[in-house]
Amino acid sequence: MDVFSEEILYHYKHPQCSAPLISPTYEATGENVSCGDMVSVTLSCDHDTVHDVGIVVSGCAISTAFGSLVALAVKGRTREEVLSWDDAHILSLVDGEVSPARKNCAFLAFRALRKALLK
Amino acid sequence: MFDVSKIRAQFPILSREINRHPLVYLDNASTTQKPQSVIDAMNDFYTTHNANIHRGIYTLSEEATEMYEGSRHAVAEWIGARSEEIVFTKNATEAINLFVQSWGDTHVGPGDEVLVTELEHHANLVPWQELCRRKSAHLKVVPIREDGTISCKDVEVFLTPRVKVLAITGMSNVLGTITPLKEIIASAHRNGTVVIVDGAQLLAHTAVSVVSLDCDALVFSFHKLFGPTGVGVLYAKKEILAAMPPVVYGGDMIEVVEQYRAHYREAPWRFEAGTPNISGVAGVIPAIEFIKKISRDGSHEYCSSLSAYARAALESIDGVKIFGPLDASLSGPIISFSFAGIHPHDIATIFDAEGIAVRSGAHCAHPLMRKLGVLATTRISLQCYNTREEIDRVCSALEKARVLLAK
Ligand SMILES: Cc1ncc(COP(=O)(O)O)c(C=O)c1O
C-alpha cells in the first residue's frame, strides 16, 4: 500500500525539531478549521537567517510529517528565501503525490511559518 | 422479503471499483447513492418533457407543471401532509433558513428565547444564532447526556414562557441519537412553543407522519433519501405557512405586479421564486416509491440489525471508542468512533485506498465535537445496500491502519 510513503511515515512517527523554542524571534499558530488540526511555530533568527526552529503539530500523519519536513527545510535559510517558497515547493519536499483532499494538511505548518516570518 | 443483492443491483455506482477494490460506500449520512429509477426519471425529464413550469400554455410546459405539482403531492402524501404545506427548496439548510428568515423574523423579538440542542448540525444552529443576534433574542441550548441522548425532561427544564421556538433534530448526524420527538413536541406545545424538526437524517431511517408527530415544521433533503441533489423540503402547518411572508421575490411567486408594488401568490408558491430545480424534482417520486418499497420489504429492520453488527464488530477491535448511545435502540445506523489515537483523516485515507468511503472530520457539528472532547471522528453511516461483508472490510482496514500508523 502506497497511501503513505516511507518518508511520510518516518517523519510522522519521528517528527524533527518538534520542541517549542524557549525564546523565539518569531512565533505563530495555525489551524485547519475544517478538521481542527493545530500547529505552533517558533523560530529563532540571527541576521535574518533561521538558525533554530520548533514546529509542534497536533494533527494527522500528513500535517505532522510536513511539520517535520518544513522544519528541517528552513534551518539555515534566510527569511527572504523561505518567504519566496510556494506551495509547489512544499509538496516537493517529499517524493510522490499528496492527494487533493489532503493538500491542506501538507500546508498547515508552512502557512503558520509564513505568518510568523511576516510578523 | 428483504434481498440486499436485489437492492444493490438497482444502484449502478455500487459496481464501481475504487483503487482496484469494489466500492464500499459508507457515507450515506452525507448523501445516499441513487437507484436507476431516479436517474432514469431525471434523464427522461430532459429527454422528453423539458420546459419551464407554471408558464407555458403548451403541452410540454403542462407536462412539466403536472410532474412538479404531482411530486409536491407525493411528498405531502408520504409524510401525511397536504400539498399546500410543502415548499420545495434547494436543501434542508435552505429550508431552515427560509423558516428562520420568514417565520422567525416575524415571531421572535427582543428578550424572547430560541431553543436548540447540542446535537444540532450547523444548519440548524447558525441560522438561529443569526436570528437571535438580529432580534436581540437569546439562544438556549439543551445539553446532551453522557451517552449522547436527550430526554423529554432535559428539554422541559428549558421550556419557559419566553421560548418561542424549539429547533430540534430527529436523528443526530454524528451520533445517530434518536430524540423522543413526539413527547418533546407535546410538551413544547403545552408551553405554547412552536417546534421545527430537522428531519435530514431521520427520514432516511424512519417513516415519519407529521400528523402523528404534530410538529409545526419539518425540513429534509432528497439527496439523503436516494433522490437528486438540489431538492429540499420545508413542510409547515397550513396556518403557520399562511402567517409567513416571502423572503425571496421575483417571478413565479407573484399574483399581480403593478409598477410600484406586487401581490403575492399564496403558500407554498409564494416561497418558490424563480425557476426551481425541475429536473431534480422529477426524481422525487421514484425516490419516494423506492423508499416505500424497501420499507415494506423490511429495510429499517435490516439497517438496524446491520448497525448492531457494525457496532459489535467495531467494539471488538482493540482501541476503538464509539461515541453516542450504547443502547442501539436509541440510535440510527450512524456510528462515530475514534481509533488508537490515529487521526480520522488518516483513517479515511487508508480506507480510500481499500475502496471504502467514510466521513472523517467534524461533521458540521463543531460544538458537539467540543462536547465529546475530540477534534474529529471517523463516521460510518449505513443504508439498505450495505452488507456485513462490507463491515468486515472496514474492520480489516482498521487493522491495516493500526499496523501503518499506530505509534
Ligand atoms: C442533521 C442534518 N441537518 C441538516 C443537514 C443539512 O442538509 P443539506 O446539506 O442537504 O442542506 C444535514 C446534512 O448533512 C444533517 O445531517
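The values are calculated or read from the model by the stated rules, or taken from the named source; none is laboratory data. Keep in mind it's a predicted model, so treat the numbers as computed, not measured. Glycine also receives a Cβ, built like all others from the backbone with ideal geometry; neighbour counts cover every protein chain displayed. Side chains are part of the model used for accessible areas, which takes the heavy atoms of the whole protein and leaves out ligands, DNA and RNA. Shrake-Rupley method; radii C 1.70, N 1.55, O 1.52, S 1.80 Å.
Would you call B:Ala242 more than 14 Å from chain A (Cβ to nearest Cβ) and within 16 Å of the ligand (Cβ to nearest atom)? Show your work before the answer.
Numbers: more than 14 Å from chain A (Cβ to nearest Cβ): yes; within 16 Å of the ligand (Cβ to nearest atom): no.
It is false that B:Ala242 is more than 14 Å from chain A (Cβ to nearest Cβ) and within 16 Å of the ligand (Cβ to nearest atom).
Which condition number does B:Val100 fail, the rest of (1) open to solvent by less than 10 Å² (accessible area, probe 1.4 Å); (2) closer than 20 Å to B:Pro367 by Cα; (3) within 16 Å of the ligand (Cβ to nearest atom) being met?
Result: B:Val100 passes all but (2).
Of (1) within 16 Å of the ligand (Cβ to nearest atom); (2) open to solvent by less than 30 Å² (accessible area, probe 1.4 Å), B:Thr229 satisfies all except one. Which?
(2)
Would you mind stating whether B:Glu94 is in contact with a strand residue (DSSP E or B) (Cβ under 8 Å, 6 or more places away or on another chain) and away from the ligand (no atom under 16 Å from the Cβ)?
On the way: in contact with a strand residue (DSSP E or B) (Cβ under 8 Å, 6 or more places away or on another chain): yes; away from the ligand (no atom under 16 Å from the Cβ): no.
Criteria not met by B:Glu94.
All but one of (1) crowded, with 18+ Cβ neighbours inside 10 Å; (2) part of a helix (DSSP H, G or I) hold for B:Leu234, so report the exception by its number.
(2)
In this structure, is B:Val197 within 15 Å of the ligand (Cβ to nearest atom) and either more than 14 Å from the chain's Cα centre (by Cα) or buried (at least 24 other Cβ atoms within 10 Å of the Cβ) (or both)? Break it down stepwise before answering.
Details: within 15 Å of the ligand (Cβ to nearest atom): yes; either more than 14 Å from the chain's Cα centre (by Cα) or buried (at least 24 other Cβ atoms within 10 Å of the Cβ) (or both): yes.
Judged against the criteria, B:Val197 is a match.
Please verify whether region B:285-296 includes one or more residues that are more than 23 Å from B:Gly170 (Cβ to Cβ) and touching an Asp or Glu at 6+ places or on another chain (Cβ under 9 Å).
Yes - at least one qualifying residue is present in region B:285-296.
Name the single residue that is nearest to the other protein chains (Cβ to nearest Cβ) among those in region B:150-193 being assigned to a loop (DSSP other than H, G, I, E, B) and within 16 Å of the ligand (Cβ to nearest atom).
Narrowing region B:150-193 to residues assigned to a loop (DSSP other than H, G, I, E, B): B:150-151, B:157-162, B:170, B:172-176, B:179-180, B:191-193.
Narrowing the set further to residues that are within 16 Å of the ligand (Cβ to nearest atom) leaves B:150, B:170, B:172-176, B:179.
Working: B:Ile150: 24, B:Gly170: 26, B:Ser172: 19, B:Asn173: 16, B:Val174: 14, B:Leu175: 18, B:Gly176: 21, B:Thr179: 26 Å.
Only one residue fits best here, namely B:Val174.
Would you tally the residues in region B:355-407 being over 14 Å from B:Leu175 (Cβ atoms), within 12 Å of chain A (Cβ to nearest Cβ), part of a helix (DSSP H, G or I) and open to solvent by less than 40 Å² (accessible area, probe 1.4 Å)?
4
Looking at the structure I just gave you, is B:Leu60 under 24 Å from B:Ile278 (Cα atoms) and assigned to a helix (DSSP H, G or I)? Before the answer, list the steps.
On the way: under 24 Å from B:Ile278 (Cα atoms): yes; assigned to a helix (DSSP H, G or I): yes.
Yes.
For region A:9-37, which residues satisfy the criterion of being more than 10 Å from every other protein chain (Cβ to nearest Cβ) and of a type in the set (Val, Ile, Thr)? Walk me through how you get there before you give the answer.
Initially, region A:9-37 is screened for residues more than 10 Å from every other protein chain (Cβ to nearest Cβ), giving A:10-11, A:15-30.
Listed by number, the residues that qualify are A:Ile22, A:Thr25, A:Thr29.
Would you tally the residues in region B:216-251 being of a type in the set (Val, Ile, Thr) and farther than 22 Å from B:Trp103 by Cα? Outline the logic, then answer.
Pass one, region B:216-251, residues of a type in the set (Val, Ile, Thr): B:219, B:229, B:231, B:233, B:240, B:247-248.
Pick out the ones that are also farther than 22 Å from B:Trp103 by Cα and you get B:229.
Matching residues across region B:216-251 total 1.
State all residues of region B:204-219 that are buried (at least 24 other Cβ atoms within 10 Å of the Cβ), more than 8 Å from the ligand (Cβ to nearest atom) and touching a residue at least 60 places away in the same chain (Cβ under 8 Å); if no residue qualifies, say none.
Correct list: B:Ala204, B:His205, B:Ala217, B:Leu218.
Go through region B:1-29 and count every residue that is within 14 Å of chain A (Cβ to nearest Cβ) and within 16 Å of the ligand (Cβ to nearest atom).
Initially, region B:1-29 is screened for residues within 14 Å of chain A (Cβ to nearest Cβ), giving B:18-21, B:27.
Among the residues that remain, those that are also within 16 Å of the ligand (Cβ to nearest atom) are: B:27.
Result for region B:1-29: 1.
Those residues that are open to solvent by 20 Å² or more (accessible area, probe 1.4 Å) and more than 14 Å from chain B (Cβ to nearest Cβ), I need them from region A:45-58; list them, please. First the steps, then the outcome.
Narrowing region A:45-58 to residues open to solvent by 20 Å² or more (accessible area, probe 1.4 Å): A:45-49, A:51-52, A:56-58.
Hits for region A:45-58 are A:Cys45, A:Asp46, A:His47, A:Asp48, A:Thr49, A:His51, A:Asp52, A:Val56.
Only one of B:Ser304, B:Ser316, B:Ser331 is touching a Pro at 6+ places or on another chain (Cβ under 9 Å) and open to solvent by 30 Å² or more (accessible area, probe 1.4 Å); which? Reasoning before the result, please.
Details: B:Ser316 fails: touching a Pro at 6+ places or on another chain (Cβ under 9 Å); B:Ser331 fails: open to solvent by 30 Å² or more (accessible area, probe 1.4 Å).
Going through B:Ser304, B:Ser316, B:Ser331 in turn, just one is touching a Pro at 6+ places or on another chain (Cβ under 9 Å) and open to solvent by 30 Å² or more (accessible area, probe 1.4 Å): B:Ser304.
If I ask for residues that are assigned to a loop (DSSP other than H, G, I, E, B) and buried (at least 19 other Cβ atoms within 10 Å of the Cβ), which ones from region A:70-97 would you list? Walk me through it before giving the result.
First pass over region A:70-97, keeping only residues assigned to a loop (DSSP other than H, G, I, E, B): A:75-77, A:84-86, A:92-97.
Those that are assigned to a loop (DSSP other than H, G, I, E, B) and buried (at least 19 other Cβ atoms within 10 Å of the Cβ): none in region A:70-97.
If I filter region B:145-165 for residues that are closer than 30 Å to B:Glu289 by Cβ and open to solvent by less than 10 Å² (accessible area, probe 1.4 Å), do I get at least one hit?
So in region B:145-165, the residues closer than 30 Å to B:Glu289 by Cβ come out as none.
No, that holds for no residue.
Those residues that are of a type outside the set (Phe, Trp, Tyr), part of a helix (DSSP H, G or I) and either within 14 Å of chain B (Cβ to nearest Cβ) or open to solvent by less than 10 Å² (accessible area, probe 1.4 Å) (or both), I need them from region A:59-69; list them, please. Working first, answer last.
Initial filter on region A:59-69 (of a type outside the set (Phe, Trp, Tyr)): A:59-65, A:67-69.
Adding the requirement that they be part of a helix (DSSP H, G or I) leaves A:61-65, A:67-69.
Those that are of a type outside the set (Phe, Trp, Tyr), part of a helix (DSSP H, G or I) and either within 14 Å of chain B (Cβ to nearest Cβ) or open to solvent by less than 10 Å² (accessible area, probe 1.4 Å) (or both): A:Ala61, A:Ile62, A:Ser63, A:Thr64, A:Ala65, A:Gly67, A:Ser68.
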